[in-house]
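Here is the structure we will look at.
Throughout, read-outs are computed from the coordinates displayed, never taken from laboratory work. This is a predicted model, so every value here is computed, not measured. So basically every Cβ, Gly included, is an ideal-geometry build from the backbone, and we count neighbours across all protein chains shown.
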Amino acid sequence: MKKRLLFNKEPYLFIAPALLVIFIFMLVPIFLTVFLSVTDANILTVRNLDFDFIGFSNYLQFLRSGIFENVVTSTIIFVFGSVILTYVFGMYVAILLNQAIRLKPIFRGILILPWAVPQVVLVLIWKWMVNPQYGVLKYFLVGPGLVSEDFTFLGNPNFAMITILIVSLWRSYPLASVILLAGLKTIPEELYEAASIDGANPFQKFIFITLPGLRYVSSVLVLLLTIWSVGNFVIIWLMTGGGPADRTAVLAIYSYINAFKFTKLGYGAAIGMIALLFSLAISIIYYRLFMQRQEQEK
Amino acid sequence: MKKNKIVSYLLTIISCAVVFFPFYWLIVTSLQPLEVLYQWPPDFLPVNNPITTYLDFLRNSEVAGWILNSVLVSGVATLVSTILGVFGAYSISRFKYRGKVAFIFLILLTQMMPGAFLVIPIYFVFAQMGLVNTLFSLMLIYVALTTPISVWFLKGFFDSIPKEIEEAAIIDGSSRLGLLFRVILPLMSPGIVATATWCFIISYNEYVFAYTLINSNKLWVVSIGIASFIGEYYTDWSQIMTASIIVTVPIVILFMVFQRYLVSGLTAGSVKG
């Protein structure tokens with residue numbers, strides 16, 4: 001077919017409504033966050049537009065507050081912990097589901113079930129399972145004498161973070177598995193057959209065929225997981241609310257608490273901006289380290 | 001060879017058991033009266049009759065109202081974002097034009113803006129407009145949250161339909177829109193249903209905006225309704241779990257029915273690269 005040389009406005013008209021929605025509700029808010037972060041806007045007075053510009057005071061206040069290091073450390077532990085756990089377990093499940101076994105649809109249905117269930121429900125189930133008095137997980141641990149009777153999962157800062165990481169893993173690995181499984185299917189079977197003939201063991205096949213074959217999928221997946229976990233709110237909010245003693249307060253939680261609990265919308269916005277910059281920085285470093293090289297190789 | 005197979009099955013079954021246990025516990029807890037629930041060691045078997053328990057709860061609690069609110073909000077949002085998505089995805093998948101790469105980048109960029117941060121400026125704007133504490137505010141937000149995903153999903157489905165079909169129809173003198181509605185959309189109806197399902201699930205499950213924007217409990221949607229059972233000093237876990245089952249089952253059924261399409265929609269973009 002001959003290419004039309006005239007300016008064609010059809011594609012623009014088709015995509016305009018979707019772009020408009022994204023522009024109004026995603027881009028404008030980013031600029032608004034920047035704007036709010038240099039004001040002392042408070043929820044109680046915000047309806048009358050009653051606030052002043054205070055420059056970078058919000059940022060400085062956060063950076064100088066004793067809790068800054070604490071929040072950043074928790075964020076890093078949560079983000080890296082959940083990305084690594086999710087990727088590893090997601091890969092394990094993807095490999096399980098990629099085998100030629102019977103009843104696969106049933107196994108797959110069960111293994112990706114946590115993906116279908118509302119996040120709030122998932123978190124509440126765990127909150128009940130780690131209940132300090134009647135939690136079933138405590139029962140499993142007290143029985144063989146692994147922990148004492150007065151042990152609480154969420155009362156101890158380290159165990160609170162570990163519990164949160166496990167919930168986060170259970171929530172997000174199905175998506176990782178599904179994406180990795182789709183990637184596994186694109187690796188030609190002949191490679192594995194050839195390796196078998198050469199006497200490679202399953203571990204060697206995994207290292208030298210599977211991992212390189214999944215390079216592109218993995219890099220996209222890890223980037224997405226990282227961005228999502230920087231912004232994850234519901235799990236920590238409902239499990240601990242940031243406690244004990246703010247030890248599980250990641251940037252997303254701390255920003256929200258300040259904006260809506262302590263009504264300091266401007267201060268919350270500044271912390272939100274720091275979280276966004278954090279997420280952006282990770283993405284750029286990550287892109288430089290892994291994805292750029294791959295694109296050059298392509 | 002035989003031994004490998006057994007190991008495979010064993011690993012799969014153990015993994016399934018571990019992953020499924022919390023759901024089993026959800027079901028068991030929802031079917032235990034409080035005196036069984038609050039005993040040590042815990043009882044591992046359900047006690048109550050599931051059908052009467054769930055029906056009674058549906059009748060005597062506010063959960064039906066929450067479901068109604070959720071379905072209304074998510075339904076409207078899904079309808080709008082699927083329509084926006086069809087046109088947006090058609091544009092990206094079928095035309096070559098200046099600015100397209102930037103548009104695609106913008107759509108992907110939205111994934112970097114999580115709800116917990118977005119909620120601050122959105123609250124600021126909605127407070128000025130008097131939209132706080134209305135279901136309409138949630139509809140707007142859910143359209144915004146699901147439109148990028150809808151465009152991205154549908155682009156994958158459009159890409160899978162050969163261009164020759166359209167070229168033939170254009171030669172036959174069909175208009176672009178006529179072509180889209182009479183020829184292409186019927187071909188990708190599974191893709192549209194999958195996209196709509198996914199948008200619905202995302203809206204139905206959303207928590208942060210609903211929690212922040214809705215105050216009065218008449219307007220509660222499912223996610224905040226269930227979480228509201230958690231009290232500072234006392235929590236009725238049996239109620240929470242019963243309510244959770246009631247609001248989750250429809251979504252899980254929806255998910256399982258369309259599982260295959262959901263997976264293909266989700267992986268189309270990330271795997272092809």
### Prolate/oblate/rounded call for the protein assembly as shown, Cα gyration tensor, a/c under 1.5 rounded
rounded
### Task
Using only the alpha carbons of chain A, determine the length spanned along each of the three principal axes and report them from longest to shortest in whole angstroms.
77, 74, 33
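Name the trypsin sites (Lys or Arg not before Pro) in segment A:1-90 that are in a loop by DSSP and that have at most 14 other C-beta atoms within 10 Å, would you?
Numbers: sites: A:K2, A:K3, A:R4, A:K9, A:R47, A:R64; in loops: A:K2, A:K3, A:R4, A:K9.
Taking segment A:1-90 and a limit of 14 other Cβ atoms within 10 Å, the loop trypsin sites (Lys or Arg not before Pro) found are A:K2, A:K3, A:R4, A:K9.
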### Query
What does the average come to when, for each residue of peptide B:8-20, you count the partner chain Cβ atoms lying within 10 Å of its Cβ?
5
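What longest region of chain B stays clear of chymotrypsin sites (Phe, Trp or Tyr not before Pro) that DSSP places outside H, G, I, E and B and that have at most 11 other Cβ atoms within 10 Å?
That gives B:45-232 as the longest site-free run.
Compute the orientation-averaged projected area for segment A:203-298 from the convex hull of its Cα atoms and round it to one decimal in nm². Walk me through the intermediate numbers first.
Numbers: hull surface 33.4 nm².
Computed as one quarter of the Cα hull surface, the answer is 8.4 nm².
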## Note on the structure
Dividing the helical contributions, -39500 (n - 2.57) per DSSP H run of n ≥ 4, by the residues of chain B yields a 222 nm value, nearest 500 deg cm²/dmol, of -24500 deg cm²/dmol
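If you scale each eigenvalue of the Cα gyration tensor by 5 and take the root, what three semi-axes come out for segment A:44-177, rounded to whole angstrom and sorted largest first?
Working: eigenvalues 271, 108, 51 Å².
Semi-axes from the Cα gyration tensor: 37, 23, 16 Å.
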### Message
Let's see if you can work this out: charge +1 on each Lys and Arg Cβ, -1 on each Asp and Glu Cβ, no other charges. What is the dipole magnitude of segment A:151-298 about its Cα centre, in debye to the nearest 20?
### Response
580
### Message
With an 8 Å Cα cut-off and a minimum separation of 6 or more residues, compute the relative contact order for chain A in percent.
### Response
28
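Counting pairs on different chains as well as pairs 8 or more places apart, how many Lys pairs in segment B:49-269 have Cα atoms under 15 Å apart?
Numbers: B:K96/B:K155; B:K96/B:K163; B:K100/B:K155; B:K155/B:K163.
Summing the qualifying lysine pairs gives 4.
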### Query
Once a ≥ b ≥ c are taken as the square roots of the eigenvalues of the Cα gyration tensor of segment B:207-248, is the result rounded (a/c under 1.5), prolate (a/b larger than b/c) or oblate (a/b not larger than b/c)?
oblate
## Note on the structure
For segment B:1-129, whose charge dipole is built from +1 on Lys and Arg Cβ atoms and -1 on Asp and Glu Cβ atoms, the candidate among B:F20, B:W66, B:Y54 with its Cα farthest towards the positive end is B:F20
#### Entry: Per-selection Kirkwood Rh - segment B:1-47 (Cα, Å, 1 d.p.)
12.6
#### Entry: Residue among A:V147, A:V250, A:V83 with the largest mean-square fluctuation in a Gaussian network model of chain A, springs linking Cα atoms under 10 Å
A:V147
### Query
With +1 on each Lys and Arg Cβ and -1 on each Asp and Glu Cβ, how big is the dipole of chain B about its Cα centre, in debye rounded to the nearest 20?
1140
## Note on the structure
Candidates A:L280, A:L27, A:L224; GNM for chain A (alpha-carbon contacts under 10 Å) flags as most fluctuating A:L27
### Summary
Of all trypsin sites (Lys or Arg not before Pro) in segment A:89-171, the ones in DSSP coil with at most 16 other Cβ atoms within 10 Å are A:R102
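For chain B, rounded, prolate or oblate, judged on the Cα gyration tensor with a ≥ b ≥ c (square roots of eigenvalues), a/c < 1.5 rounded, else prolate if a/b > b/c?
Numbers: a/c = 2.34, a/b = 1.46, b/c = 1.60.
Cα axes put chain B in the oblate bin.
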